[in-house]
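Below is one structure, written out as structure tokens, with a few remarks after it.
The values are calculated or read from the model by the stated rules, or taken from the named source; none is laboratory data. If you're wondering where the values come from, they're calculated on a predicted model, not measured in any experiment. A quick note on method: Cβ atoms are made from the backbone with ideal geometry, for glycine too, and the neighbour counts reach across all protein chains shown. Keep in mind that these areas ignore ligands, DNA and RNA; they rest on the heavy atoms of the full protein, side chains included. Shrake-Rupley method; radii C 1.70, N 1.55, O 1.52, S 1.80 Å.
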Amino acid sequence: MDFLKIDKKWQKRWEEAKADSFEKKNVDKKKYVLEMFSYPSAANLHLGHWYNFGLTDVYARLLRMKGHEVFQPMGFDSFGLPAENYAIKTGIHPKDSTEKNIATMEVQLRNMGASFDWDYEVVTSRPDYFKWTQWLFLQLYKHGLAEEKLAPVNWCPSCNTVIANEQVVDGACERCGSTVERKEMRQWFFKITNYAEELLRDLDKIDWPEKTKLMQRNWIGKSAGGEVEFDLVGGGSFKVFTTRADTLFGCSYVVLAPEHPLVDKITTPENREAVEEYKRQASVQSEIDRTSTVKEKTGVFTGAYAINPINGRQVPVWVADYVLATYGTGAVMAVPAHDTRDFDFATKFNLPIERVVKSADGSPDDLPYCEYGVAVNSGFADGKKTLEAKTAILDKLAQLGKGGQKVTYRLRDWSVSRQRYWGAPIPVIHCPKCGVVPVPEKDLPVELPYDVNFNPSGKSPLASKDSYINVKCPVCGEDAKRDPDTLDTFVCSSWYYLRYPNAKLADKPFDTEWTDKMLPVDTYVGGAEHACMHLLYARFITKALRDMGYIHVDEPFKKLVHQGIILGPDGKRMSKSRGNIINPDDYVSVYGSDVFKMYLCFAFSYTEGGPFSKDGISAIAKYLDRVERLVMKAYEGRENAPADLKKVASLEYDVNYAVKACSADIENFSFNTAVARLMELTNAMYKYDDADSALFNASETLIKLMTPIVPHFAEELWEATGHTSLVVKESYPVCDETKLVKAEVEIPVQLLGKLKGTILLSPDADEATASKEALAFLGLDSAKKIIYKAGKIINVIA
RNA sequence: GCCCGAAUGGCGGAAUGGCAGACGCGACGGACUUAAAAUCCGUUUGUGGAAACACAGUGUCGGUUCAAGUCCGACUUCGGGCACCA
């Protein structure tokens, strides 16, 4: 078959017939199937796109044939750094290169033959979309979920921009590999931490890979412990967070993070110089390799003392960079006897190490002893087990008004300001008189000016565009300035699944009533690398919009599937530097989209991925030709009456088995076994040998079973066998269970657990019959015990 | 360092605790052909054996069970995540 020709032919027919259109009136049967939309890069569709979009489309097509109204839209996440970097290098404007790339990719995506409904296309860099991204920002601001604060941010000196924690990999910029610095800046933050608890809790409600849920749980990092307030000698106080309140009696010093605001206030004059020097060094340290946990502890004494509220003891206040400003309270109580870090520090600086826990069962408890045990040297808590001692001490602190139970999260607020050009402008005006003034909604979108110098200068490119930056304050009318920054592109992608069903809506981002019907996304498919970024942000935004009353779902993505990663033929990740990149076009242009897609289905376990090998591709082409010959033979003989009814029954068994298995496999994203079942059926049909009406019936079913995977090919055969309808519009075959009932099945017979052979038995034979047959087979008179599972196995214990 | 996941023929990969290796690639053999390609039909975990068959076998060691690739415990290697989180 000419696979290249049929691609075009049927794609045209489907378009004419609107075969992929979502029928709004059938919304009660909707299935929202979504693939993570892609960034429009200059290169052609890569293998990952094919693997994600092409195979998810197999799933979508199956659902459609099974009677669901499938909504499968497509679009582009088109703001972002690559276009801007490309512009800096080549002088081609990001908007121009992006729009050009989108046009190219649209054509390629259409050529895939996937059943996207393009009427709902979304492009995040166009004003009709980012107008509503800005609207989203304003709603978050109105509801106190967006705030501006001075905060240390990750600064990439090479990209000249702030980057998110998630984009810092091993202390380096994820994109360019430069060492990330820390810098204090005024930044907009979304208060995702307000939702930490719910984001954690609702993971139990969604059908996601356990691994992904675990990653989010760890990322949120809930930690239940206590808070302890230390007064400072000479006035003032600060709090520490601890999970080991039971060790409070053993606290021999306290440590503040170098960035802690109290440091400057409490440092005594004679220590000031050393502390200042340490702070300076610490900021440099953090730029260097922070990943080393074996790094020797450093720190300086402030000269100040704090009072341990549990025993009134004065303890020195130190500053050390092993305490993180961004976690807990930025201060810790140090109990060197029972914490390895404190132990290392105390050893180095010769601070007291006092045991307050011993092992409960007499097992070795050399210091530092970090296990749970029994409290000692702890006043009223002596003799209590760790958990009880924690409670007792925290209760006591609560009575004293010096602390109590406290939960802390590792999750931090989401920094969304980017000192970049190619993003959605932040819709805020800074007025010298009125302060932060949100742009009125009627003035949205805040358009991105075209003619801007976006070469990195350390400042936002928009800051130097006078006609953009200078505005009148919407409140007082005086001269004011726009916020010069743009939004993190993760903001754009945090709500696009809401826009898809409302893609053309002009007067609002989405219609609440309609969105309630369309959401949640039933099945979401994309890479696992988004576990702690996009997937968490989208959940947060959904919950925030729900609390504002705009939607009424708790979770955006009911079921989540991650595709695996296809590696280069060398088993390594594909990369330009390795030169092991596989270009799908090289194969699609030879074999057509069906063959290539079916190869992708068959060669990998979908969620695992694995190394690419071209060897299997021609085999798939051969297989399809084999099917074509078979189907045409069956078509020729369709008028013949079957001669052998036993053979027909066997064939019908094979057909129905394939129907059942294929459907279940595709629904489970087990595409490789679905293809295997098709091949088995094909082999069985070849063995059947006669060309008669039974074989023709089987071939009709085979064509339908193949439709989700190789739709062009299936259409061609469907047409060649006398049909005028579109097979993609046909119903998926239904398994006839009665054809799967066999009079006799092969039952394995084991002797002492070792397989000896098989006997033929009725699948519901009773134990007596089975035992008799098994003993006869083994040549035994009796047995101590016989384990019999009907239809499964007989194990004889002699 | 901590937390997850994985390990099955020459290769990609199948196996709700119940016949390990489905399906395919590759290889080998046969049919068709003057020949080749294409196609069709076989064989293909290892060892021994002409064969029937026997024994061994799912990274390593131990355990639970009538029965373990699958469950449990320890370890090895690889992959992923987090990484001074108090």
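Observations, loosely collected:
- Residue check, A:Y537 surrounded by 15 or more Cβ atoms within 10 Å (Cβ to Cβ), of a type outside the set (V, I, T) and over 21 Å from the mean Cα position of the chain (by Cα): no
- A:K543 falls short on exactly one of the conditions (1) over 26 Å from A:K30 (Cα atoms); (2) open to solvent by less than 10 Å² (accessible area, probe 1.4 Å), and that condition is (1).
- Applying the criterion of being under 23 Å from A:R182 (Cβ atoms) and modelled with pLDDT under 90 to the residues of the range A:416-460, the residue that is most open to solvent (accessible area, probe 1.4 Å) is A:K459.
- Among the residues of the range A:83-100, the ones that are assigned to a helix (DSSP H, G or I) and either open to solvent by less than 30 Å² (accessible area, probe 1.4 Å) or more than 19 Å from A:N453 (Cβ to Cβ) (or both) come to 8 in all.
- When the range A:210-231 is filtered for residues that are under 30 Å from A:N668 (Cβ atoms) and surrounded by 15 or more Cβ atoms within 10 Å (Cβ to Cβ), the ones remaining, listed by number, are A:T212, A:K213, A:M215, A:Q216, A:W219, A:I220.
- Counting the residues of the range A:469-504 that are outside any helix (DSSP H, G or I) and open to solvent by less than 50 Å² (accessible area, probe 1.4 Å) gives 14.
- Flag if A:D170 is out of contact with any strand residue (DSSP E or B) (no Cβ under 8 Å at 6 or more places or on another chain), at pLDDT 95 or above and surrounded by fewer than 16 Cβ atoms within 10 Å (Cβ to Cβ): no
- Odd one out for A:V317, checked against (1) part of a helix (DSSP H, G or I); (2) crowded, with 20+ Cβ neighbours inside 10 Å: (1)
- A:Y587 meets each of the listed conditions (1) of a type in the set (F, W, Y); (2) open to solvent by less than 50 Å² (accessible area, probe 1.4 Å); (3) under 30 Å from A:A694 (Cα atoms); (4) more than 10 Å from RNA strand B (Cβ to nearest atom) apart from (3).
- If the condition is being near RNA strand B (Cβ under 8 Å from one of its atoms) and small (G, A, S), then the range A:615-632 contributes A:G616, A:S618, A:A619.
- In this structure, A:E719 qualifies as open to solvent by 10 Å² or more (accessible area, probe 1.4 Å), of a type in the set (D, E), free of Cβ contacts under 8 Å to residues at least 60 places away in the same chain and farther than 24 Å from A:L600 by Cα.
- Long-range neighbours under 9 Å by Cβ, at least six apart or interchain, first residue without any contact (Cβ under 8 Å) to a residue 40 or more places away in the chain within the range A:214-233, second more than 9 Å from RNA strand B (Cβ to nearest atom): A:L214/A:L203; A:R217/A:L200; A:R217/A:L203
- Scanning the range A:249-257 turns up at least one residue that is part of a helix (DSSP H, G or I) and within 14 Å of RNA strand B (Cβ to nearest atom).
- Search result, residues across the range A:732-781 that are open to solvent by less than 80 Å² (accessible area, probe 1.4 Å) and of a type in the set (G, A, S): A:G753, A:G757, A:S762, A:A765, A:A768, A:A770, A:S771, A:A774, A:A776, A:G779
- Considering (1) modelled with pLDDT of 80 or more; (2) within 16 Å of RNA strand B (Cβ to nearest atom); (3) among the acidic types (D, E), the lone condition that A:E148 does not fulfil carries the number (2).
- Of A:G373, A:G403, all but one fail to be open to solvent by less than 80 Å² (accessible area, probe 1.4 Å) and within 26 Å of A:E197 (Cβ to Cβ); the exception is A:G403.
- Those residues of the range A:351-367 which are over 16 Å from A:N311 (Cα atoms) and open to solvent by less than 40 Å² (accessible area, probe 1.4 Å), in sequence order: A:L351, A:V357, A:S359, A:D365
- Of all residues assigned to the range A:101-122, at least one qualifies as being surrounded by 18 or more Cβ atoms within 10 Å (Cβ to Cβ), polar (S, T, N, Q) and not in a loop (DSSP other than H, G, I, E, B).
- Every condition in (1) under 25 Å from A:D117 (Cβ atoms); (2) open to solvent by 30 Å² or more (accessible area, probe 1.4 Å) is met by A:F510 except one, and the failing one is (2).
- If the condition is being open to solvent by 50 Å² or more (accessible area, probe 1.4 Å) and not β-branched (V, I, T), then the range A:320-342 contributes A:L324, A:Y327, A:R341.
- When residues in the range A:178-235 are screened for being part of a helix (DSSP H, G or I) and near RNA strand B (Cβ under 10 Å from one of its atoms), 10 of them pass.
- Cβ separations smaller than 9 Å between residues 6+ apart or across chains give the following pairs from the range A:383-397 residues that are on the phi < 0 side of the Ramachandran plot and of a type in the set (G, A, S) to residues that are open to solvent by 20 Å² or more (accessible area, probe 1.4 Å) and assigned to a helix (DSSP H, G or I): A:A392/A:F380.
- Test: A:K646 is of a type outside the set (D, E), assigned to a helix (DSSP H, G or I), away from RNA strand B (no atom under 12 Å from the Cβ) and more than 32 Å from the chain's Cα centre (by Cα): yes
- Of all residues in the range A:599-614, those being more than 6 Å from RNA strand B (Cβ to nearest atom), closer than 18 Å to A:V561 by Cα and assigned to a loop (DSSP other than H, G, I, E, B) number 2.
- Checked against the criterion of being among the hydrophobic types (A, V, I, L, M, F, W, C), in contact (Cβ under 8 Å) with a residue 12 or more places away in the chain and closer than 19 Å to A:V416 by Cα, the candidates A:V437, A:V452 yield just one match: A:V437.
- Selected residue (criterion: surrounded by the fewest Cβ atoms within 10 Å (Cβ to Cβ)) from residues of the range A:670-693 that are more than 8 Å from RNA strand B (Cβ to nearest atom) and hydroxyl-bearing (S, T, Y): A:S693
- Looking across A:D644, A:D615, one residue alone is open to solvent by 50 Å² or more (accessible area, probe 1.4 Å) and touching a residue at least 24 places away in the same chain (Cβ under 8 Å). It is A:D644.
- First in the range A:745-758 and within 6 Å of RNA strand B (Cβ to nearest atom), second anywhere and among the hydrophobic types (A, V, I, L, M, F, W, C) and open to solvent by 70 Å² or more (accessible area, probe 1.4 Å), Cβ under 7 Å, 6 or more apart: A:E746/A:L760; A:P748/A:L755
- For the range A:309-339, a residue qualifies if it is more than 14 Å from RNA strand B (Cβ to nearest atom) and not charged (D, E, K, R), and the qualifying residues are A:P309, A:I310, A:N311, A:G312, A:Q314, A:V315, A:P316, A:V317.
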